[in-house]
Structures are given as structure tokens and as C-alpha cells.
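Peer 1: This is the structure I have questions about; it appears just below.
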């Protein structure tokens with residue numbers, strides 16, 4: 001069984017939002033365009049069956065949004081809506097970084113690799 005690649009899905013989802021002008025997995029030395037999304041993903045096995053097939057995978061997706069002016073609220077809400085529709089829960093935080101605004105969104109969920117669903121720990 002193949003683990004669903006949430007890193008690729010995250011990239012595709014971020015690229016589908018026209019207001020995000022740059023998407024990367026690394027923090028740039030300088031920001032050339034805004035808003036920029038920097039994302040990271042991590043995962044761990046949640047359930048492995050007797051055949052050693054990973055049936056469920058716990059995923060954490062962290063997205064840092066940066067802009068040099070204005071609010072990131074609309075963009076944050078759009079991403080929460082997109083990832084929420086997949087089944088992920090989120091936490092958010094904001095920070096003013098000396099001329100740049102930053103919002104961090106962390107999405108968590110358990111992906112069922114056989115049923116293509118996202119669950120929450122209960």
C-alpha cells in the first residue's frame with residue numbers, strides 16, 4: 001500500500017490559490033514577491049496491519065504565510081477552508097516581523113491510505 005503523499009497535495013493546494021505568489025519548502029534569503037507560502041510536512045505511522053502495510057498515517061502540515069503589507073486573514077481563511085474540506089484540523093498564530101507580516105497555520109490529521117479519508121484523533 002502506498003502512503004498518500006500529503007507533501008505533493010499540499011504543494012498542489014497552495015499553487016491552486018491565485019493570491020499566493022510564491023510557494024516553497026525553504027525559507028528564502030530574501031523575499032522577492034508577496035504573499036509567499038513556505039510549507040513543511042511530517043508524518044508518522046498511525047496504524048500498520050499484519051502485512052506491514054501502513055493503513056493510516058498521522059500528518060502535520062505547517063504553512064508560513066508572509067506578506068509585506070496588509071492582512072493575511074483572507075488567505076488564511078481560504079487555506080483553512082481548503083484543508084478543512086479534506087478533514088484537517090488547524091491551529092494558527094500571527095507575528096509581525098519588522099516589516100513583514102507572518103501567519104503560521106498548522107494542520108493535523110490521520111490519513112487513511114486505503115480509504116482516502118482524513119480522520120481526527122478522538
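Each value in this text was obtained by applying a stated rule to the coordinates, not by laboratory testing. Just so it is clear, the model here is predicted, and its values are computed rather than measured. Cβ atoms come from the backbone with ideal geometry, glycine included; neighbour counts cover every protein chain shown.
Peer 1: What number of residues within the range 4-45 satisfy the criterion of being surrounded by 12 or more Cβ atoms within 10 Å (Cβ to Cβ), in contact with a strand residue (DSSP E or B) (Cβ under 7 Å, 6 or more places away or on another chain) and under 15 Å from residue 107 (Cα atoms)?
Peer 2: 11
Peer 1: Do you know which residues across the range 20-53 are closer than 26 Å to residue 78 by Cβ and part of a strand (DSSP E or B)?
Peer 2: Across the range 20-53, the qualifying residues are 22, 23, 24, 36, 37, 38, 39, 40, 41, 42, 43.
Peer 1: Moving on. Could you tell me which of the residues 66, 107 is over 21 Å from residue 5 (Cα atoms) and surrounded by 13 or more Cβ atoms within 10 Å (Cβ to Cβ)?
Peer 2: 66
Condition check ((1) within 22 Å of residue 70 (Cβ to Cβ); (2) in contact (Cβ under 8 Å) with a residue 60 or more places away in the chain) across all residues:
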residue	(1), (2)
1	no, yes
6	no, yes
11	no, no
17	yes, yes
22	yes, no
28	yes, no
31	yes, yes
39	yes, no
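Peer 1: May I pose another question? For a quick check of your reading: which strands (runs of 3 or more DSSP E) sit entirely within the range 54-122 and have at least 1 residues that are closer than 18 Å to residue 27 by Cα? Show your work before the answer.
Peer 2: Working: elements: 54-67, 89-96, 101-112, 117-119.
It comes to 54-67, 89-96, 101-112.
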